[in-house]
1. Any idea what angle helix 21-33 forms with the longest principal axis of the chain, computed on alpha-carbon atoms, 0 to 90 degrees, nearest 10?
2. Helix 76-95: angle to the longest alpha-carbon principal axis of the chain, degrees 0 to 90, nearest 10?
3. Restricting to DSSP loop positions (anything but H, G, I, E, B) with no more than 15 other Cβ atoms inside 10 Å of their own Cβ, which chymotrypsin sites (Phe, Trp or Tyr not before Pro) remain in segment 24-112?
4. Could you compute the net charge surrounding R44? Neighbours are other residues with a C-beta less than 12 Å from the C-beta of R44; K and R count +1, D and E count -1.
5. Size of the chain along its principal axes in angstrom, Cα-based, largest extent first?
6. Taking R0 as 22 Å, what's the FRET efficiency between I77 and T43 from their Cβ-Cβ distance, rounded to 0.05?
7. How about segment 1-69: which GluC sites (Glu not before Pro) there are in a DSSP loop, with at most 10 other Cβ atoms within 10 Å of their Cβ?
8. Go ahead and estimate [θ] at 222 nm for the chain from helices alone: -39,500 (n - 2.57) per DSSP H run with n ≥ 4, summed, over the residue count, rounded to 500.
Amino acid sequence: MAENKRYITQVQENGNVMISEDVIATIVAHAAQEVDGVDGLHTRKSWGGKNMRITIAEDNCLTIECNLIVKYGYCVIDVAKNAQTAVTSAVASMTGVHVNLVNMNVCRIARQ
């Protein structure tokens, strides 16, 4: 992500656990790409060459925005909804962090 990385801090009994936004980005990318009909993630110049934007709120809740490439022949809405569900579930289960919002921007259709 950016040079000044943000972390989610979770206070535990024996100390703190800090989760980098890079870890969140990796989980998001893997979860989205596992969805049937997703060809990959699209990079945006306006985001500094990134394929997603992650916002960590003060209460450690997340807002995630991804740029999807959908395979030709698949229903765009269904693929985007399934990707939203997969990302929300993966991030929540792997980090224990609440995901407020997942926006999927379908940027391209990929022909096989």
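Nothing in this text is a laboratory measurement; each read-out follows from the coordinates by a stated rule. Values in this document were obtained by computation on a predicted structure and should not be read as measured data. Using ideal geometry, Cβ is built from the backbone for each residue, glycine included, and neighbour counts are taken over all protein chains shown.
1. 30 degrees
2. Between the helix axis and the principal axis of the chain, the angle is about 20 degrees.
3. Values: sites: W47, Y72, Y74; in loops: Y72, Y74.
When the chymotrypsin sites (Phe, Trp or Tyr not before Pro) of segment 24-112 are filtered for loop state and at most 15 Cβ neighbours within 10 Å, Y72 remain.
4. Values: positive: K45, K50, R53, R108; negative: E65.
Around R44, the surrounding residues sum to +3.
5. Principal-axis extents of the chain (Cα, largest first): 51, 27, 18 Å.
6. 0.45
7. Working: sites: E3, E13, E21, E34, E58, E65; in loops: E3, E13, E34, E58.
Taking segment 1-69 and a limit of 10 other Cβ atoms within 10 Å, the loop GluC sites (Glu not before Pro) found are E3, E13, E58.
8. Numbers: 2 runs with 33 residues, N = 112.
Result for the chain: -10000 deg cm²/dmol, rounded to the nearest 500.
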